[in-house]
Amino acid sequence: MVWGRIAAVVLATVAFVGCDSMELTIAAEPAPGGMLSISNANDAAWSDARLVVEAVESDGSTTICAEESMGRWQPGSAVTVPVCGDKLRITLTADGETARFTWANGQLFRKFGRKEVPVAE
């Protein structure tokens, strides 16, 4: 009985920690010179923001091609990163939360586990 409760608490904690933030939203658009402009699409500034951009290889492996850290990322403010592959995995961590996105075929997608949902303009 006690072990069942402990297991339930551990599973609930893992599920909570593993969930991505719905509060963090970005916008992305192509920029000149094979670059991608990524901006804070929220109404609030983020503290301690970190953006990691990885190229997704055909075998599913990834290679980091850009990392940006900002002490404070204001709404609408953009950073420019290289488009280093046909598909990019973008991970945003800010205010202690994490959100995952992909960029492929000129479209931004929000990742929910393995599912990728297009982000509306």
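A short reminder: the numbers here are calculations on the coordinates, not readings from a lab. A quick note: this is a predicted structure, and the numbers were derived from the prediction, not measured. FYI the Cβ positions are ideal-geometry reconstructions off the backbone, even for glycines, and counts take in every protein chain you see.
Key figures
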{"quantity": "Total residues in the range 40-71, condition under 18 Å from Ala27 (Cβ atoms) and either surrounded by 15 or more Cβ atoms within 10 Å (Cβ to Cβ) or touching a Ser or Thr at 6+ places or on another chain (Cβ under 6 Å) (or both)", "calculated": "13"}
{"quantity": "Residue tally, condition in a loop (DSSP other than H, G, I, E, B) and in contact with a Cys (Cβ under 7 Å, 6 or more places away or on another chain), over the range 43-102", "calculated": "1"}
